[in-house]
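Colleague: Before I ask anything, let me first share the structure, which is written out below as structure tokens.
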Amino acid sequence: MADERWRRKRIGDRVLSPETLMMGYGYDPFRSERSLKPPVFPTSTFVFRTAEDGKSFFELAYGLRAKRPNEEPGLIYSRINNPDLEMLEDRLAIWDQAEANLVFASGMAAISTALWAYARPGTAIVHSGPVYGGTDFLLKRILPQFGVTPVEFAAEGGNAAMERAVDVARAAGPVAALYLETPANPTNGLVDIARARELAESLRAPDGRRPVVVVDNTFLGPLFQTPVALGADLVVTSLTKYVGGHSDLIAGGCSGTAAALEPIRGFRTILGTMCDPQTGWLLMRSLETLKLRMTASADGALTVARFLAAHPRVASVWYLGFLPGDHPDRPLFERQCASPGSTFAFEVEGGEAEAFAVLDRLEVIKLAVSLGGTETLASHPASMTHSDIEPEAQRRLGITPALIRLSVGIENPDDLIVDLDQALRG
Ligand SMILES: Cc1ncc(COP(=O)(O)O)c(C=O)c1O
């Protein structure tokens, strides 16, 4: 799609910032009628110049031969590749500081395709808890049907809990993956990515190699946390959230080395879990404002969290910026995260009835699941996103009936405070 001129990442000694590169990286206007913005390529298939070209493109796509020096994969069919998706993947890899990226139809498509590409019958997946409800269902209800055993540890239990889970899994057989969600949805519990990598180095996966470390970076990614730089092999993100940023699309991404992504690419081609070109184009549009949006939301979240922490009807606020100096997660937060982000939970005084009453009284803030959009959303994890989790496990993981999750958008935070105050006072 573009020669090296359109893939420059530096000018002289200056390495260009991701937010600068988002305006055009990987796109050559002179191949598309000089259009400033890339067109959408809503095509299912691509015309080969010659039959020999078609043969050669398939050989490479299906791994029948090695890539030649500087060879670009030829466009074949939009389940395999598409110009919008390739440009988007190049740009997402820049944010994730990864060699490559693959985009999917949803965050769950990214997570399930990635885990399925590595899990094998008789293996275990060690994972943190809580994780997003859909991921929890995949790990505990779907993968076991294929002979894959989930071994959970509570993020709250720190490295000791993760080490114990690894020992349990190791005793039972090969470990396919260590899967971490950090910060965790909805508790903002943190998991030590570097320690997970060390543990993975001490384990063997079924193919004789070590298990992969997979991190769900949806809450802070890609701006405020870079798991690949901290030791993750693969980083999965629900692009539906901050990257899409306008609550108007569903998509997912997976970044890592080209080698670690290779089996996932193969599974994506056959499962057909890729993103569509129109959504890919919208995501490129969104990437241009990603830094502005995430920074503004994080600023607003700090203001709102401070207000909630001082409110008489609020029992606790689980905002990462408030971690006390002596909390075991504090050094981890400072090492792993560049900001507390803008999604956090708080408990009202009381239980489900009191939480529901607050949610039902909100006027500016919308009562909806999801996060990372321009608008502020509030939801009730125990009865909504995490309702698949047994009540006992919910309590153990900190998902209490009084917990409300807030994703702060880019409205004026003083308006959000007035809304929350009236809703809390009733
Ligand atoms: C942390 C996390 N991971 C993954 C997902 C799944 O993403 P999607 O809804 O795009 O499939 C979500 C959705 O809320 C999430 O919060």
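Colleague: Answer with yes or no whether LEU359 is of a type outside the set (Asp, Glu), assigned to a loop (DSSP other than H, G, I, E, B) and either more than 22 Å from LEU230 (Cβ to Cβ) or within 21 Å of the chain's Cα centre (by Cα) (or both).
Modeller: Values: of a type outside the set (Asp, Glu): yes; assigned to a loop (DSSP other than H, G, I, E, B): no; either more than 22 Å from LEU230 (Cβ to Cβ) or within 21 Å of the chain's Cα centre (by Cα) (or both): yes.
No; evaluated as a whole, the condition is false for this residue.
Colleague: Out of ALA160, ALA176, ALA196, I need the residue that is part of a helix (DSSP H, G or I) and either within 17 Å of the chain's Cα centre (by Cα) or surrounded by 24 or more Cβ atoms within 10 Å (Cβ to Cβ) (or both). Which one?
Modeller: On the way: ALA160 fails: either within 17 Å of the chain's Cα centre (by Cα) or surrounded by 24 or more Cβ atoms within 10 Å (Cβ to Cβ) (or both); ALA176 fails: part of a helix (DSSP H, G or I).
Among ALA160, ALA176, ALA196, only ALA196 is part of a helix (DSSP H, G or I) and either within 17 Å of the chain's Cα centre (by Cα) or surrounded by 24 or more Cβ atoms within 10 Å (Cβ to Cβ) (or both).
To keep it simple, each residue is scored yes or no on (1) in a helix (DSSP H, G or I); (2) over 17 Å from the mean Cα position of the chain (by Cα); (3) under 29 Å from PRO42 (Cα atoms); (4) among the basic types (Lys, Arg).
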{"residue": "ILE270", "(1), (2), (3), (4)": "yes, yes, yes, no"}
{"residue": "GLY280", "(1), (2), (3), (4)": "yes, no, yes, no"}
{"residue": "ARG285", "(1), (2), (3), (4)": "yes, yes, yes, yes"}
{"residue": "LYS291", "(1), (2), (3), (4)": "yes, no, yes, yes"}
{"residue": "MET294", "(1), (2), (3), (4)": "yes, no, no, no"}
{"residue": "ASP299", "(1), (2), (3), (4)": "yes, yes, no, no"}
{"residue": "THR303", "(1), (2), (3), (4)": "yes, yes, no, no"}
{"residue": "LEU308", "(1), (2), (3), (4)": "yes, yes, no, no"}
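Colleague: For the structure I just gave you, tell me whether VAL40 is hydrophobic (A, V, I, L, M, F, W, C), more than 16 Å from the ligand (Cβ to nearest atom) and either more than 18 Å from VAL212 (Cα to Cα) or touching a Phe, Trp or Tyr at 6+ places or on another chain (Cβ under 7 Å) (or both). Before the answer, list the steps.
Modeller: On the way: hydrophobic (A, V, I, L, M, F, W, C): yes; more than 16 Å from the ligand (Cβ to nearest atom): yes; either more than 18 Å from VAL212 (Cα to Cα) or touching a Phe, Trp or Tyr at 6+ places or on another chain (Cβ under 7 Å) (or both): yes.
Considered against the rule, which asks whether it is hydrophobic (A, V, I, L, M, F, W, C), more than 16 Å from the ligand (Cβ to nearest atom) and either more than 18 Å from VAL212 (Cα to Cα) or touching a Phe, Trp or Tyr at 6+ places or on another chain (Cβ under 7 Å) (or both), VAL40 comes out as yes.
Colleague: Of all residues in region 115-142, count the ones that are within 12 Å of the ligand (Cβ to nearest atom) and open to solvent by 30 Å² or more (accessible area, probe 1.4 Å).
Modeller: Going through region 115-142 one residue at a time, the tally reaches 2.
Colleague: Name the single residue that is most open to solvent (accessible area, probe 1.4 Å) among those in region 368-420 being polar (S, T, N, Q) and in contact with a Gly (Cβ under 9 Å, 6 or more places away or on another chain).
Modeller: ASN412
Colleague: Looking only at region 29-58, count how many residues are under 32 Å from the mean Cα position of the chain (by Cα) and surrounded by 11 or more Cβ atoms within 10 Å (Cβ to Cβ).
Modeller: Initially, region 29-58 is screened for residues under 32 Å from the mean Cα position of the chain (by Cα), giving 29, 32, 35-46, 57-58.
Okay, now just the ones that are also surrounded by 11 or more Cβ atoms within 10 Å (Cβ to Cβ), so 29, 32, 35, 37-43, 45-46, 57-58.
Count: 14.
Colleague: Which residue pairs have Cβ atoms closer than 6 Å, lie 6 or more positions apart in sequence or on different chains, and pair a first residue in region 96-114 that is near the ligand (Cβ under 8 Å from one of its atoms) with a second residue that is part of a helix (DSSP H, G or I)?
Modeller: Every condition considered, the pairs that remain are MET108/GLY134; ILE111/THR135.
Colleague: When residues of region 362-394 are filtered for being over 25 Å from LYS140 (Cβ atoms), among the acidic types (Asp, Glu) and within 14 Å of the ligand (Cβ to nearest atom), how many remain?
Modeller: Within region 362-394, residues that are over 25 Å from LYS140 (Cβ atoms), among the acidic types (Asp, Glu) and within 14 Å of the ligand (Cβ to nearest atom) number 0.
Colleague: Can I ask one more? So, in region 200-215, of the ones that are touching a residue at least 60 places away in the same chain (Cβ under 8 Å) and open to solvent by 10 Å² or more (accessible area, probe 1.4 Å), which residue ends up nearest to ALA105 (Cα to Cα)? Give the derivation first.
Modeller: Going through region 200-215, the residues touching a residue at least 60 places away in the same chain (Cβ under 8 Å) turn out to be 205-206, 211-212, 214.
With open to solvent by 10 Å² or more (accessible area, probe 1.4 Å) added as a condition, the list becomes 205-206, 212.
Details: ALA205: 28, PRO206: 29, VAL212: 22 Å.
Of everything passing the filter in region 200-215, VAL212 is nearest to ALA105 (Cα to Cα).
Colleague: How about region 241-263: which of its residues are within 16 Å of the ligand (Cβ to nearest atom), β-branched (Val, Ile, Thr) and surrounded by fewer than 24 Cβ atoms within 10 Å (Cβ to Cβ)? Reasoning before the result, please.
Modeller: Just the residues of region 241-263 that are within 16 Å of the ligand (Cβ to nearest atom), to begin with: 241-255.
Subsequent filtering for residues that are β-branched (Val, Ile, Thr) retains 243, 250.
Passing the criteria: only ILE250.
Colleague: Only one of LEU261, LEU220 is in a loop (DSSP other than H, G, I, E, B), among the aliphatic types (A, V, I, L, M) and modelled with pLDDT of 95 or more; which? Don't jump to the end; show me each part of the working.
Modeller: Working: LEU261 fails: in a loop (DSSP other than H, G, I, E, B).
Of the residues listed, the single one that is in a loop (DSSP other than H, G, I, E, B), among the aliphatic types (A, V, I, L, M) and modelled with pLDDT of 95 or more is LEU220.
Colleague: I would also like to ask the following. Consider THR187 against the criteria (1) within 14 Å of the ligand (Cβ to nearest atom); (2) of a type in the set (S, T, N, Q); (3) under 11 Å from the mean Cα position of the chain (by Cα): it satisfies all of them except one. Which criterion is unmet?
Modeller: (3)
Colleague: Name the one entry in LEU75, LEU85 that is open to solvent by less than 70 Å² (accessible area, probe 1.4 Å), among the aliphatic types (A, V, I, L, M), within 26 Å of PHE224 (Cα to Cα) and out of contact with any Asp or Glu (no Cβ under 7 Å at 6 or more places or on another chain).
Modeller: The conditions single out LEU85.
Colleague: A further question follows. Within region 311-329, count every residue that is touching a Lys or Arg at 6+ places or on another chain (Cβ under 8 Å) and touching a residue at least 40 places away in the same chain (Cβ under 8 Å).
Modeller: Within region 311-329, the first condition is being touching a Lys or Arg at 6+ places or on another chain (Cβ under 8 Å), and the residues that meet it are 313, 323-324.
If we keep only those that are touching a residue at least 40 places away in the same chain (Cβ under 8 Å) as well, we get 313.
The total comes to 1.
Colleague: Taking into account only those residues within region 264-286 that are of a type in the set (D, E, K, R) and within 16 Å of the ligand (Cβ to nearest atom), which is least open to solvent (accessible area, probe 1.4 Å)? Please lay out each step first, then the result.
Modeller: Within region 264-286, the first condition is being of a type in the set (D, E, K, R), and the residues that meet it are 265, 268, 276, 285.
Filter once more, keeping what is within 16 Å of the ligand (Cβ to nearest atom): 268, 276.
On the way: ARG268: 8, ASP276: 71 Å².
Per the stated criteria, the residue is ARG268.
Colleague: Continuing with this model, one more query. Considering only region 233-240, I want to know if a residue exists there that is away from the ligand (no atom under 12 Å from the Cβ) and at pLDDT 95 or above.
Modeller: Of region 233-240, the ones away from the ligand (no atom under 12 Å from the Cβ) are 233-234.
Right, trim to at pLDDT 95 or above and you get 233-234.
Scanning region 233-240, I find at least one residue that is away from the ligand (no atom under 12 Å from the Cβ) and at pLDDT 95 or above, so the answer is yes.
Colleague: Need pairs with beta-carbon distance below 8 Å; first residue farther than 14 Å from GLY221 by Cα and within region 289-310, second acidic (Asp, Glu); sequence gap 6+ or separate chains.
Modeller: Going by the 8 Å Cβ cut-off, the qualifying pairs are GLY300/GLU411; THR303/ASP414; PHE307/ASP421.
The values are calculated or read from the model by the stated rules, or taken from the named source; none is laboratory data. These numbers come from a predicted model, not from an experiment. Quick reminder, even Gly has a Cβ in these numbers, built from the backbone with ideal geometry, and neighbours come from all protein chains shown. Keep in mind that these areas ignore ligands, DNA and RNA; they rest on the heavy atoms of the full protein, side chains included. Shrake-Rupley method; radii C 1.70, N 1.55, O 1.52, S 1.80 Å.
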